[in-house]
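Enquirer: Could you have a look at this structure, given as structure tokens, before my questions?
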Amino acid sequence: MTAYDHLYLVKPELVVIPCGSRKLDRPARAADLYIGSYHRACRGAAEALRPDRLLILSARYGLLDLDDVVEPYDTPHGTTDAVTSQLVLEQATLRGIVHLDPVLALGGARHVGLVHSVWPHALTPLAGTRGMGEQMARLAALRKGVAN
């Protein structure tokens, strides 16, 4: 049993995952653009939870569906060109997803902060981890816990 076994009892209406720092060098579907191990681990855990909807929160473009085609970029969260909580809220409003519940946010503090600006009630199973190693281990546990 893990500290997040309760997540397996709830089917999330939405899981929001981070974009990832490693990207292809050409325009691609959001599902294919991000190639880094952290993004893949978040996506694997998210897919194992079988949400009604899975979105990527891009530091450059905001909320992306997996089929959205975007250009590669080098914009980290928190920089001048990065998306703001206001933009993410506007995008969620236009998509009609502001009132979804439960919502799950996988990612680091800046990512989760943006998600919480729209969904303050979002569950954050990576909270309290002390670094990338613990986050990757928790993501693996989420993925395996749901699959078993």
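The values are calculated or read from the model by the stated rules, or taken from the named source; none is laboratory data. Because the structure is predicted, anything quoted here is derived from the model rather than measured. Heads up, the Cβs are rebuilt from the backbone with ideal geometry, glycines too, and the neighbour counts pull from every protein chain shown. In case anyone asks, the SASA skips ligands and DNA or RNA and just uses the protein heavy atoms, side chains included. Shrake-Rupley method; radii C 1.70, N 1.55, O 1.52, S 1.80 Å.
Enquirer: Relative to the Cα centre, what is the charge dipole magnitude of the range 71-148, using +1 at the beta carbon of each Lys and Arg, -1 at the beta carbon of each Asp and Glu, and rounding to the nearest 20 debye?
Expert: Here the range 71-148 has a charge dipole of around 420 debye.
Enquirer: Quick check: the angle from helix 85-95's long axis to the longest principal axis of the chain, C-alpha only, nearest 10 degrees?
Expert: Its long axis makes an angle of about 80 degrees.
Enquirer: Turning to a different aspect of this structure: What's the ranking of 36-44, 11-19, 74-82 by average number of surrounding C-beta atoms within 10 Å, highest first?
Expert: Packing order, densest peptide first, comes out as 11-19, 36-44, 74-82.
Enquirer: Heavy atoms only, 1.4 Å probe, whole protein assembly: order ASP68, ASP25 by accessible area, highest first.
Expert: Largest accessible area first, the list is ASP25, ASP68.
Enquirer: Using only Cα atoms, find the angle between the long axis of helix 132-147 and the longest principal axis of the chain, and express it within 0 to 90 degrees, rounded to the nearest 10.
Expert: 60
Enquirer: Follow-up question, since we're still on this one. In a solvent-free Debye calculation with one equal scatterer on each Cα, what is log10 I(q)/I(0) for the chain at q = 0.10 Å⁻¹, listed in the order of the q values?
Expert: -0.31
Enquirer: Pop a pseudo-label 7 angstrom from the Cα along the beta-carbon direction at both ARG53 and ASP101 and give the gap in nm to one decimal.
Expert: 1.6
Enquirer: Ranked from highest to lowest mean number of other Cβ atoms within 10 Å per residue, what is the order of the peptides 85-97, 109-121?
Expert: 109-121, 85-97
Enquirer: Can you give the translational diffusion coefficient of the range 63-102 in µm²/s, computed by Stokes-Einstein from the Kirkwood radius over Cα pairs at 4 °C and 1.567 mPa s?
Expert: It comes out at roughly 109 µm²/s.
Enquirer: Size of the dipole of the chain about the Cα centre, Lys and Arg at +1 and Asp and Glu at -1 on the beta carbon, nothing else charged, in debye to 20?
Expert: Rounded to the nearest 20 debye, it is 440 debye.
Enquirer: By DSSP, what percent of the beta bridges with both residues in the range 2-148 are antiparallel, rounded to the nearest 5?
Expert: 45
Enquirer: Which of rounded, prolate, oblate describes the range 16-93, given a ≥ b ≥ c as roots of the alpha-carbon gyration tensor eigenvalues and a/c under 1.5 marking rounded, otherwise prolate only if a/b is larger than b/c?
Expert: Because a/c hits 1.5 or more and a/b fails to exceed b/c, the range 16-93 counts as oblate.
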